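Report on one structure; see the data block that follows.
The values are calculated or read from the model by the stated rules, or taken from the named source; none is laboratory data. Not measured: the values here are computed from a predicted model. Ideal geometry is used to build each Cβ from the backbone, glycine not excepted, and the neighbour counts take in all protein chains shown. For accessibility, only protein heavy atoms count, side chains too; no ligands or nucleic acids. Shrake-Rupley method; radii C 1.70, N 1.55, O 1.52, S 1.80 Å.
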Amino acid sequence: MKYPQCPHDHPDCPLPADLERLRRERETLRDLVSVDELTGLFNFRFLKSALEREMERTRRTGLSTGLVMVDLDHFKQVNDVYGHENGNLALQAAAGIWKNHLRKIDIPCRYGGEEFVIILPNTGIRDAIQVAERLRQELAAVPVELETETIRLTASFGVDEYREGESLTVEAFIHRVDMFVLAAKNEGRNRACYDPARAARPATEVTAEERASLFLKRKP
Amino acid sequence: MNRLLTAKTICITSGKGGVGKTSFAVNLSMSLVAKGHRVLLIDGDLGLANVDLLLGISVQKTIRDVMEGGALMESICFPSENFGVLPATSGIPEMVDLGPEEQGRIGTYLRAVAESFDYVLIDTAAGIGTSVLWFTSIADEVVILLTPDPTSITDAYAMMKVLAQKYGRKTFRLVLNNVTDVREGLGVFNNLRDVAERFLKLDLHFLGAIPHDTDVSQAIREQVPFLKRTPDGEAARAIQVIAEQV
């Protein structure tokens, strides 16, 4: 962005510097509103508005929205054993992995604590499952450097998809994927859980109702 | 006649095979050429070439040469003035799936060659394979060809659903082939339009209906386009009406 100029070309005009300062303050405020300070991911406030926007896009275009929720495994122990400062380092390391392995259009957010949510625009559940698996494996494979230790992290993933025609609020969608995270925890952690029936039935499949409607009647 | 800087790209697909896509594509191309347009017809059935067979032409180079780095214009043959054909190969299963690299190469060449033509028509393979979906994704328009039987209607609907869900394409033009009469064609179209609008919010347009015409199968056997063999036949006249609206 160009540095502001005095419209009358006065050499000592204070306005350009003031305008530039205001512009930088506005950007800082915008980041504070949208960005999680610790991890650099989007924050919870941004997550809700972004997810609402993507679900609306699904309703208008028919292209599904994928959602991945991540909960780091045994994270309370990390904080208890190594301290909160090291816990923060671990969160930053995990966030770095999400950022490095997602598309530019994907929206990684810190949901709270050790939980993350990743919005995957224009993504069906099968592709979302692949993304989750990739992130899970990468997290488990990469050692995390703390101040005096090196540890390994794993996480439990929930994967879901919002399809055109579904009647769902943002909160309900997040709750639904959260249930899959819970399932992953209950099944032993370090895994991704999702609805296998939904994954087995792609959004593109012609339903029985559609088939029946195609041959109901023919207008003259 | 206005010459376009870049061609209008029309993908002709169907879902179900055997509904007459290639015959339609060939004869529509010829009809557009007869109206003074420059037309490139691409045989998108990459591993089972048909366009050259229906035209009765022998080919030296095919789309495979383009994919292997050859110059596109050298692979195009001209059955007549202003009518170019980019043939496919026959009997090479590996050709069916276009990888990202092949897609990129063909896309680059097509953008370059589009300036030499007013229309680029793509006759896709049957089904919803990789190459079919990619060709439909690069086209300005998708024309769905179907016949008035349940399997063709269902496959056409399924094709549109895939294109809508995967690529966000919401508008299609439909041609009913091998109908008893236009009334039957419109009946099938109206029902399909209503279902597609209700479930998928699609916008379907009726492009035309081609009546059953015994001249068509005879022309195919003789490897002469029916527009040329029987220009006053019912199918030929229907194609000409469709060409007016393309």
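Only DSSP H runs of four or more residues enter the estimate; each adds -39500 (n - 2.57), and after division by the residues of chain A the mean residue ellipticity at 222 nm equals -16000 deg cm²/dmol. Here A:Leu216 sits with roughly 130 square angstrom of accessible surface, probe radius 1.4 Å. Label-to-label distance for B:Asn82 and A:Ala200 is 5.7 nm, based on points extended 7 Å past Cα in the beta-carbon direction.
Between the range A:52-119 and the range B:39-117, the alpha-carbon centres lie 45 Å apart. For B:Ala235, the shell of other residues with beta-carbons less than 11 Å away shows a net charge of -2, using +1 for Lys and Arg and -1 for Asp and Glu. Checking every one of the trypsin sites (Lys or Arg not before Pro) in the range B:1-66 against DSSP loop status and a limit of 12 other Cβ atoms within 10 Å picks out B:Arg3.
Under 5 Å between amide hydrogens, built in the peptide plane, is the criterion, and for B:Leu41 it picks out B:Gly84, B:Val85, B:Leu86, B:Leu121 among residues at least 5 positions away or on other chains.
The amide H of B:Gly70, built 1.01 Å from its N in the peptide plane, has no neighbour under 5 Å, considering only residues 5 or more places off or on other chains.
The HN-Hα couplings worked out from phi for the range B:9-25 by the Karplus form 6.51 cos²θ - 1.76 cosθ + 1.60 (θ = phi - 60°) are 9, 10, 9, 10, 9, 8, x, 6, x, x, 8, x, 4, 5, 4, 5, 4 Hz, whole numbers, x standing for Gly and Pro.
Close lysine pairs were tallied over the range B:8-245: pairs 8 or more places apart or on different chains with Cα atoms under 29 Å apart number 29. Return the calculated 222 nm mean residue ellipticity for chain B, to the nearest 500 deg cm²/dmol, obtained by summing -39500 (n - 2.57) across DSSP H runs with n ≥ 4 and dividing by the residue count. So the helix-based figure for chain B works out to -13500 deg cm²/dmol. The modelled label-to-label distance between A:Ala212 and A:Arg26, using points 7 Å beyond Cα along the C-beta direction, is 5.7 nm.
GNM on chain A, alpha-carbon springs under 10 angstrom: the most fluctuating residue among A:Leu182, A:Leu22, A:Leu91 is A:Leu22. Solvent-accessible area of B:Tyr109, all protein chains in place: 70 Å² (probe radius 1.4 Å, heavy atoms, ligands and nucleic acids excluded). Of all DSSP beta bridges confined to the range B:8-245, the antiparallel ones make up roughly 10%. Taken per residue, the accessible surface of the range A:12-70 reaches 58 Å², heavy atoms only and a 1.4 Å probe. With R₀ set to 45 Å, the beta-carbon distance separating A:Cys13 from A:Lys99 gives a calculated FRET efficiency near 0.65. Each chain gives up part of its surface: B and A jointly bury about 2000 Å² of accessible area, both sides summed, for a 1.4 Å probe.
Could you give the angle, 0 to 90 degrees to the nearest 10, between helix A:15-34's Cα long axis and the longest principal axis of the Cα atoms of chain A? In chain A, helix A:15-34 runs at an angle near 30 degrees to the longest axis. 3J(HN,Hα) along the range B:140-152, derived from phi through the Karplus expression 6.51 cos²θ - 1.76 cosθ + 1.60 where θ = phi - 60°, amounts to 5, 9, 10, 9, 9, 9, 8, 10, x, 10, x, 5, 5 Hz, with x in place of Gly and Pro.
Look at the alpha carbon pairs under 8 Å that are at least 6 residues apart: their mean separation over the length of chain B gives a relative contact order of 26 percent. In the range B:8-245, the alpha-carbon atoms span a convex hull of 110 Å³ per residue.
Rolling a 1.4 Å probe over the protein heavy atoms leaves B:Glu81 with an accessible area of roughly 150 Å².
Would you work out what percent of the accessible area of the protein assembly as shown, with all protein chains in place, is carbon or sulfur (probe 1.4 Å)? Heavy-atom surface of the protein assembly as shown belonging to carbon and sulfur, 1.4 Å probe: 51 percent. Computed on protein heavy atoms with a 1.4 Å probe, the accessible areas place A:Lys185, A:Lys104, A:Lys48 in the order A:Lys104, A:Lys48, A:Lys185, largest first. Amide H contacts of A:Val35: A:Asn43, each under 5 Å away and 5 or more positions distant or on a separate chain (H built 1.01 Å from N in the peptide plane; Pro and chain starts excluded).
The 3J(HN,Hα) values that the Karplus relation (6.51, -1.76, 1.60; θ = phi - 60°) gives for the range B:43-58 are, in residue order, 7, x, 8, 4, x, 9, 4, 9, 4, 5, 5, 5, 8, x, 10, 9 Hz. Gly and Pro appear as x.
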